[in-house]
Amino acid sequence: MKTVAQFAIGYEQLLDAGGRPTGELPAFAQDAGELTRMYRMMVLCRMFDAKAINLQRTGQLGTYAPCTGQEATHVGVGAAMRPEDVLFPVYREYGTQLWRGVTLTEILTYWAGDETGTNFAGPRQDFPWCVPIGSQAPHAAGAAMAFRIRGEPRCAVAYIGEGGTSQGAFYEAVNLAGARRLPTVFVIVNNGWAISVPASAQTGAETFAQKGIAGGVPGMQVDGNDVIGVRAVMEAALARARAGEGPTVIEALTYRLSDHTTADDASRYRPADELAAAWQREPLPRLRAYLAAQGHWDDTREQQLRAACAAEIDAAVKGYQSRPRPAVGAMFEHLFAHPPAALAEQREQATRYPPPAH
Amino acid sequence: MARVTLVESINLALNRALADDPDVVLIGEDIGVNGGVFRATQGLQQRYGEWRVQDTPLAEGLIAGMSIGMAAQGLRVVAEIQFMGFMYPALDQIANHMARLRNRTRGRLTCPVVIRMPHGGGIHAPEHHSESLEVLFCHHAGLRVVCPSTPAAAYGLLLAAIRDPDPVIFLEPTRLYRMARQEVLDNGNALPLDRAQILREGDDVTLVTWGAMTHESLQAAQQLAQRKISCEVIDLTSLSPIDHDCILDSVAHTGRLVIVHEAARNAGLGAEIAATVAERALYDLLAPVERVTGYDTVMPYFGLEKAYIPGVDRIVDAVLRTLET
Ligand SMILES: Cc1ncc(C[n+]2csc(CCOP(=O)(O)OP(=O)(O)O)c2C)c(N)n1
């Protein structure tokens with residue numbers, strides 16, 4: 001028997017867990033200002049997470065999906081994308097969204113159970129959060145199809161959790177993207193867990209990256225806690241897609257340092273020593289260590305940064321808390337461009353029965 | 001006898017079924033170590049092992065599809081869909097295969113599967129976690145659809161559903177999971193399927209409802225009683241088939257019918273009930289039938305869910321309208 005197909009899955013890491021370069025760094029990493037911007041965004045996400053969890057715990061926010069531990073993946077992807085690309089997020093990739101112009105206030109508004117949070121003032125074509133797991137992947141393939149038909153040099157980026165890759169919709173989207181060489185990048189965020197189910201229970205494959213191979217899509221892994229590595233592989237994948245060479249599957253290896261959401265208690269199912277070990281690899285200290293080693297960072301700058309982030313978050317929370325609350329009639333709005341007349345009657349009825357205050 | 005919540009009664013029934021019948025297997029997402037996001041399967045994997053209480057890969061189409069293969073081999077599968085809004089990929093398998101396997105094979109292959117899922121809103125959950133989609137199942141021949149509203153009904157009907165030789169969609173009112181406790185005797189006795197239950201007897205108006213809306217309907221009946229208006233409250237319980245006789249008997253007595261459901265009004269189950277009453281009991285009616293339902297909108301994010309879910313005042317006003325004539 002002869003071998004007719006073979007594959008290999010590469011792994012990229014440009015900064016190790018101690019913040020030491022593993023080799024020569026890409027051009028963007030020579031720009032201290034750019035690296036500082038990325039570091040700033042990671043710190044902002046970490047601090048925002050703590051604030052949002054606190055708001056939820058004190059009854060000022062609904063269920064919230066934290067991003068702690070995954071900031072490097074989210075920021076690296078965001079920094080590699082161009083504004084004209086389109087993002088198809090899941091629900092916790094705030095670093096990418098913020099980089100692209102979604103606001104902290106919009107994020108809070110969404111998790112407060114208010115649709116206006118998804119009407120992004122910034123990236124008007126980006127899709128909102130996608131709760132039904134996996135269903136966003138075909139949307140990204142579809143957007144990429146539109147770019148392809150129109151000959152636009154743009155890319156669609158779909159996030160998906162490693163758990164989400166078990167859904168048929170993921171395979172269907174990858175298959176289409178491969179068959180039509182669509183300008184799509186599928187970013188699998190392997191954070192170890194799908195709520196209580198470990199990554200090892202989702203698949204018998206050695207990597208999630210290789211899930212692209214059967215669809216004709218090259219796959220690779222990256223250390224998802226290394227923001228420089230993530231941005232580098234993402235830039236390469238986007239360049240490939242823009243050049244008409246087709247899609248890529250990137251598996252970012254990171255870890256969900258938080259509970260799944262504020263409605264979850266990970267201590268029920270997750271070994272404490274695994275969590276403790278993951279904290280040793282977390283993304284923030286390694287970029288900070290690298291910046292400090294290059295003479296671009298110190299404690300004073302760290303303090304200034306944290307104070308600035310705290311102020312930005314406070315302002316966003318104030319904006320969120322003082323926003324107008326949706327009126328009862330809001331649920332009847334934006335269902336159709338031309339609403340059927342019958343809805344007006346129901347809307348009138350609904351306004352006669354305002355909900356009890358809570 | 002223990003006083004248990006609705007979700008605890010489901011746990012008791014699942015435990016009983018696993019203990020009684022080695023062919024019973026539970027599958028779903030996060031049902032193992034985590035015991036389900038609502039804890040309905042708490043402790044069961046520890047007791048019955050990782051094959052009989054299994055976390056599947058994250059795929060609802062798979063959950064429904066594999067249930068069919070397992071069931072056709074004689075296993076009794078009880079599958080959990082984590083939230084109703086996530087069942088759509090499963091609907092293909094349920095409608096095209098699960099509901100029809102017996103019919104297509106002239107009884108050669110069958111599907112004794114129970115698919116459990118939370119039903120309805122009111123728990124401040126994110127998008128897609130609060131839907132009331134019962135009609136999507138009721139429309140398919142070959143499926144039973146059950147929605148209990150009390151711990152005792154949940155226990156007895158879940159056991160009945162598991163022992164039934166055909167597929168049963170088992171809807172669990174999320175809002176009621178922990179709302180009240182009731183004495184439940186864990187004796188393994190099933191309750192009959194296909195029957196409605198009268199929750200409160202009355203003479204003036206019949207209220208037909210199910211799931212979490214039984215709560216608001218009973219509250220409305222209580223308020224109306226203070227005004228000397230007597231409501232009979234029927235918990236439909238079996239959404240497919242509908243126990244029309246129970247409703248018709250009641251309407252023959254009261255002459256007035258108000259149907260209350262959380263699901264959207266358009267093509268909701270209320271329309272089916274009203275049509276049957278119009279066909280078979282029009283001359284018993286003293287007033288037009290009223291429907292109090294969710295609106296024909298998307299289930300709003302939770303900021304407005306209380307404005308969407310019918311409240312007691314809407315039900316009271318509907319009852320009063322039927323008494324104006
Ligand atoms: C279709 C669907 N099924 C189930 C759920 C419930 N649920 C929400 S998140 C989640 C786990 C997702 O894990 P993964 O895809 O790895 O992403 P992560 O949350 O770890 O980022 C589940 C089962 C859902 N939202 N959608």
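Here, each number is a calculation from the coordinates, and none is a lab measurement. Note that the structure is predicted; figures quoted are calculated from it, not measured. Cβ placement follows ideal geometry from the backbone for every residue including glycine, while neighbour counts extend to all protein chains displayed.
Values computed for the structure shown
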quantity: Amide hydrogen neighbours beyond the local backbone of residue B:24, cut-off 5 Å, H modeled; calculated: B:76
quantity: Counting all C-alpha pairs of segment B:186-325, share separated by more than 26 Å (%); calculated: 20 percent
quantity: Translational diffusion coefficient (Stokes-Einstein; Kirkwood radius from C-alpha pairs) of chain B at 37 °C, 0.692 mPa s, in µm²/s; calculated: 164 µm²/s
quantity: Sorted by Cβ density within 10 Å, fewest first, the residues A:298, A:226, B:235, B:166; calculated: A:298, B:166, B:235, A:226
quantity: Whether chain A is rounded, prolate or oblate, judged on the alpha carbon gyration tensor where a/c under 1.5 counts as rounded; calculated: oblate
quantity: Relative contact order, percent, segment B:2-184 [alpha-carbon distance under 8 Å, six or more residues apart]; calculated: 27 percent
quantity: Most mobile of A:191, A:54, A:225 in a GNM of chain A (Cα contacts under 10 Å); calculated: A:54
quantity: Mean shadow area of the protein assembly as shown, taken as a quarter of the surface of its Cα convex hull (nm²); calculated: 34.0 nm²
quantity: Furthest towards positive pole of dipole, B:141, B:84, B:64, structure part segment B:2-184, Cβ charges; calculated: B:141
quantity: Three-way shape call for segment A:1-153 based on the alpha-carbon gyration tensor, with the a/c threshold at 1.5; calculated: oblate
quantity: Chain B - percent relative contact order, Cα under 8 Å, separation 6 or more; calculated: 16 percent
quantity: Stretch in chain A that is longest and holds no trypsin sites (Lys or Arg not before Pro) that DSSP places in a loop and that have at most 13 other beta carbons within 10 Å; calculated: A:125-358
quantity: Segment B:77-126: trypsin sites (Lys or Arg not before Pro) in DSSP coil with no more than 14 other Cβ atoms inside 10 Å; calculated: B:106, B:108
quantity: Radius ratio Rg over Rh of segment B:176-242, counting only Cα atoms, Kirkwood formula for Rh; calculated: 1.02
quantity: Cα→Cβ-extended label distance, 7 Å offset, between residue A:307 and residue B:313, nm; calculated: 5.1 nm
quantity: Long-range HN-HN contacts of residue B:240 with modeled amide H, under 5 Å; calculated: B:145
quantity: Environment charge of residue B:259, counting only residues whose C-beta is closer than 12 Å and scoring Lys/Arg +1, Asp/Glu -1; calculated: 0
quantity: Residue A:297 long-range amide H proximity, modeled H, under 5 Å; calculated: A:292
quantity: Chain A: relative contact order in percent, alpha carbon pairs under 8 Å with at least 6 residues between; calculated: 22 percent
quantity: Per-residue [θ]222 nm for chain B (sum of -39500 (n - 2.57) over DSSP H runs n ≥ 4, rounded to 500); calculated: -10500 deg cm²/dmol
quantity: Dipole magnitude of segment A:26-184 about its Cα centre (Cβ charges: Lys, Arg +1; Asp, Glu -1), debye to nearest 20; calculated: 180 debye
quantity: Cβ-derived FRET efficiency at R0 45 Å, residue A:335 paired with residue B:286, nearest 0.05; calculated: 0.80
quantity: CD proxy at 222 nm, helix term only [per DSSP H run n ≥ 4: -39500 (n - 2.57); per residue of chain A; nearest 500]; calculated: -13000 deg cm²/dmol
